[in-house]
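Okay, so here's the structure we're looking at.
Just so it is clear, none of the values below were taken in a lab; they were calculated from the coordinates. Please read these numbers as outputs of a predicted model, since none were measured by experiment. Cβ placement follows ideal geometry from the backbone for every residue including glycine, while neighbour counts extend to all protein chains displayed.
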Amino acid sequence: MNASATPAFREKYGPWALVAGASDGVGAAFAETIARHGVDVVLLARREEVLRQVAEGIRSRTGRRARAVTIDLSTADAVDSIVDATADLDIGLLVYCAGSDADYKPFLENSIAAAAAMLQRNCLVPMQLAHHYGRAMAERGRGGIMVLSSGAAFVGAPNMVAYGATKAFDMIFTEALWCEWRDVGVDVLGVVLGETDTPALRRIRAARGIAGPDEPVPGAAGVDEVVTAAFAALGKGPTCMAGKQIRRGARLIYPIPRGALVRAMAWASRRRL
Ligand SMILES: NC(=O)c1ccc[n+]([C@@H]2O[C@H](COP(=O)([O-])OP(=O)(O)OC[C@H]3O[C@@H](n4cnc5c(N)ncnc54)[C@H](OP(=O)(O)O)[C@@H]3O)[C@@H](O)[C@H]2O)c1
């Protein structure tokens, strides 16, 4: 990733960023890019040793501070623990990545407990974190929030009933928040991914017998491509279709770009009040 420390970035989004799902894939790449822009990072994920190594790598390559917090984001007390672990820090940027679904099966073949845990991790926790850290950002008049969504948010489809619904929540949530906070200096961005070659996707494909372990995903976007697209879009609009593949798909499904739809909706709802 080609990024170097920029005082303007640190001033707007520093001094600390919180990255949820930072032990591999898109989240780890976001964390490293943020650190290269001069902002210290708090990394959240479940695998303690993997997360420790990612933090160590970021420290040694960027010279920024990196705090690793081991946590399961699908548990009820996740937000309280995160708030405790960051009580001494000013969080200026929240990036919520953790969200993929390994259970690609019909609705009734998955347990309701697994679906509820996904709802917790993909919807409730990012909403609670946005409420907590976003309030401080709004009071300071600066900051940013990015939440990862998916092409699965566009249209309901089998085998990802709960997953697609949580990703639709994430997309609408960020668009609406963007409308409310765009005038107070807090940049909200929904980052919508199509198929992206991450360790999580490789594991899912291997578990389903589609590919061998660690086999690259043909035709998928690269992690750097989507992170670069998200950074370029931060501060410019409510939703970023991150990567060539998802941009093409979104253009077919939405002849009117989502950014224009969101602006039109904001205008129409203001007129009605
Ligand atoms: N890859 C794709 O093709 C694709 C396509 C569309 C949308 N997306 C979206 O892009 C985002 C990133 O996807 P990804 O492929 O990188 O896989 P991911 O599984 O969403 O993210 C992997 C990261 O999340 C952490 N994580 C997962 N569950 C967690 C939990 N319960 N608590 C704490 N950390 C957790 C993992 O660390 P630990 O295992 O150490 O906890 C790892 O650091 C997701 O929101 C996904 O929905 C991805």
Checklist line | In order through segment 221-227: 3J(HN,Hα) via Karplus (6.51 cos²θ - 1.76 cosθ + 1.60), integer Hz, x for Gly, Pro | finding: 5, x, 4, 4, 4, 6, 5
Check: Taking the chain as a Gaussian network, Cα atoms linked when under 10 Å apart, which of Leu124, Leu108, Leu73 shows the biggest mean-square fluctuation?
Finding: Leu108
Notebook entry, point to check: For segment 214-260, taking Cα atoms only, what is the radius of gyration to one decimal and the Dmax to the nearest whole Å?
Noted result: 12.1, 39
Next item on the list: Please build a GNM for the chain, connecting alpha carbons under 10 Å apart, and tell me which residue among Ile82, Ile253, Ile58 fluctuates the most.
Entry: Ile253
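For segment 43-164, what is the Kirkwood estimate of the hydrodynamic radius, computed as the reciprocal of the mean inverse distance between distinct Cα atoms, to one decimal in Å?
Working: mean 1/r = 0.0621 Å⁻¹.
Final number for the Kirkwood radius of segment 43-164 is 16.1 Å.
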Note to self: Let's test this: bin the Cα-Cα distances of segment 31-103 at 5 Å from zero up to the farthest pair and state each bin's percent.
What the structure shows: 3, 15, 24, 26, 20, 8, 3, 0
Next item on the list: Name the lysines eligible as straight-distance cross-link partners of Lys105: C-alpha to C-alpha under 30 Å, and not fewer than 8 places from it in the same chain.
Entry: Lys167, Lys244
Item checked: Karplus (6.51, -1.76, 1.60) ³J(HN,Hα), θ = phi - 60°, over segment 235-247, in Hz, Gly and Pro reported as x -> x, 10, x, x, 9, 10, 7, 8, x, 4, 4, 6, 4
Note to self: So if a site counts as exposed when it's one of the trypsin sites (Lys or Arg not before Pro), its DSSP state isn't H, G, I, E or B, and it has at most 11 other Cβ atoms within 10 Å, what's the longest stretch of the chain without one?
What the structure shows: 1-207
Next item on the list: Inverting the mean 1/r over all pairs of different Cα atoms, compute the Kirkwood radius of the chain and quote it in Å.
Entry: 18.9
Check: Suppose every K and R has +1 on its Cβ and every D and E has -1 on its Cβ; what is the size of the dipole of the chain about the Cα centre, in Debye to the nearest 20?
Finding: 940
Next item on the list: Give the distance, in whole Å, between the Cα centre of segment 50-70 and the Cα centre of segment 219-273.
Entry: 31
